[in-house]
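Comments concern the structure below.
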Amino acid sequence: MSRLRPIFYSVSAQPDNLGDIEIRKTVLDWLKDSGRPLVVFVGPMPSDYLAGFGNLADVEIHSRSVSFERRLLFAACRGRATLVLAPGPQIFGPAALAVRSLINLVNVLAVRSRGGSAVAVGRSLRGGLSLGRVLDRFLIKLFSLYTVRDDLSSQAIGLNLRQHPDMAFAHVDTSPSEGDRNLLALSFRSDRAVPLELLSRLVETARAEALEPVLVSQVRRDDPQHRQLGNLLGVRTALWEDRTHLQQDEVVRGIYRRSLHVLSNRLHALIMGMQCGALPVAFTEAGQDKLTSTLRGVVTTESWPESTRTDDQPGPWLTRSPVSAQERLTDELHTASERLRELRQAFLDVL
């Protein structure tokens with residue numbers, strides 16, 4: 001058995017969401033580069049979700065939280081554990097939400113008390129005064145490295161935290177564009193209604209500019225709303241339906257490679273669209289700051305991302321010449337990936 005300290009990590013998330021794979025895979029790839037033995041919690045995730053992470057043959061897999069916790073605490077007591085939290089959001093609120101913070105606190109204390117390391121990158125913190133916020137404020141101070149992906153998390157927790165681009169910016173799609181960029185990719189959250197009148201005007205404007213709108217399901221649960229919108233507006237859809245994660249990932253990227261713009265209120269639809277060269281248009285609404293707070297400082301041009309609010313007319317972005325904007329976007333993606341390479345080195349140094 002290896003004498004190297006094992007690293008404990010979780011990839012369990014929303015099983016129908018390509019973006020959750022995207023950010024967790026970045027960290028998992030970095031962990032593989034460390035050369036350390038990996039112990040990974042997968043929970044109830046289906047096999048086609050796990051296939052999105054590549055080869056896991058050399059990874060110790062745990063599907064039951066009890067067995068993962070037992071393995072972690074046993075290794076921590078021997079002074080042979082490093083704990084890495086998965087990237088993504090942490091919401092402070094009702095006491096029930098504090099359970100995750102309490103478990104994290106126990107785990108980190110066990111690991112750190114015997115000389116191990118605790119690392120978290122790509123986090124996002126939201127919520128007001130609560131037990132979870134109190135616990136996490138104390139917890140963060142125990143980490144060897146703790147970073148966030150947006151410019152509001154430090155304010156939410158009341159600590160000055162290191163910020164960097166979302167972990168998905170580590171990936172750039174290297175496949176060539178599939179023909180002319182004559183599509184407008186649209187992807188909407190199913191838990192928020194899309195104003196039909198606004199969308200209808202947007203579709204008309206796009207078609208007048210020789211762009212074909214396509215509704216794209218990057219999250220499987222968005223299928224019903226996309227199907228309904230497609231039927232009402234006569235718009236082509238790229239639904240998930242019974243495809244595997246890898247199959248839908250390729251379908252989605254194929255559309256983004258042919259899209260001039262991607263308009264969405266899903267963060268990783270915008271980022272994955274950008275990976276493939278599509279210009280991002282953030283579909284925002286009052287009280288929702290996830291898109292702008294994460295992209296601000298990464299996509300730094302004056303023109304992108306545009307905000308299209310529910311009471312807006314379709315923005316002028318559809319009629320603008322995209323050449324210079326796409327060149328700037330390429331430069332911004334390069335800068336973001338460079339910043340993440342620097343973070344990767346700091347991450348590996350801590351491990």
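Checking each residue in segment 298-343 for being open to solvent by 50 Å² or more (accessible area, probe 1.4 Å), of a type in the set (G, A, S) and at pLDDT 85 or above picks out no residue at all. Screening segment 1-112 for helices (runs of 4 or more DSSP H) wholly inside it with 3 or more residues that are out of contact with any Asp or Glu (no Cβ under 7 Å at 6 or more places or on another chain), small (G, A, S) and without any contact (Cβ under 8 Å) to a residue 60 or more places away in the chain returns the ranges 65-77.
When T174, T147 are checked against the criterion of being closer than 21 Å to V27 by Cβ and surrounded by fewer than 19 Cβ atoms within 10 Å (Cβ to Cβ), a single residue qualifies: T174. Would you call D249 under 27 Å from S47 (Cβ atoms), assigned to a loop (DSSP other than H, G, I, E, B), of a type in the set (D, E) and open to solvent by less than 70 Å² (accessible area, probe 1.4 Å)? So D249 fails the test. Scanning segment 151-171 for residues that are under 20 Å from V299 (Cα atoms) and touching a Gly at 6+ places or on another chain (Cβ under 9 Å) yields a total of 7.
When each of R162, R126 is tested for being without any contact (Cβ under 8 Å) to a residue 24 or more places away in the chain and either over 30 Å from E209 (Cβ atoms) or surrounded by 18 or more Cβ atoms within 10 Å (Cβ to Cβ) (or both), the lone residue that passes is R162. Scanning segment 203-224 for residues being over 16 Å from L183 (Cα atoms) and either open to solvent by 30 Å² or more (accessible area, probe 1.4 Å) or among the acidic types (D, E) (or both) gives a total of 5.
Of the residues making up segment 180-191, one or more are within 22 Å of the chain's Cα centre (by Cα), basic (K, R) and open to solvent by 20 Å² or more (accessible area, probe 1.4 Å). No other residue among P87, P44 is open to solvent by 60 Å² or more (accessible area, probe 1.4 Å) and of a type outside the set (G, A, S) apart from P44.
The values are calculated or read from the model by the stated rules, or taken from the named source; none is laboratory data. Not measured: the values here are computed from a predicted model. Cβ atoms come from the backbone with ideal geometry, glycine included; neighbour counts cover every protein chain shown. Surface accessibility is based on the protein's heavy atoms, side chains included, excluding ligands, DNA and RNA. Shrake-Rupley method; radii C 1.70, N 1.55, O 1.52, S 1.80 Å.
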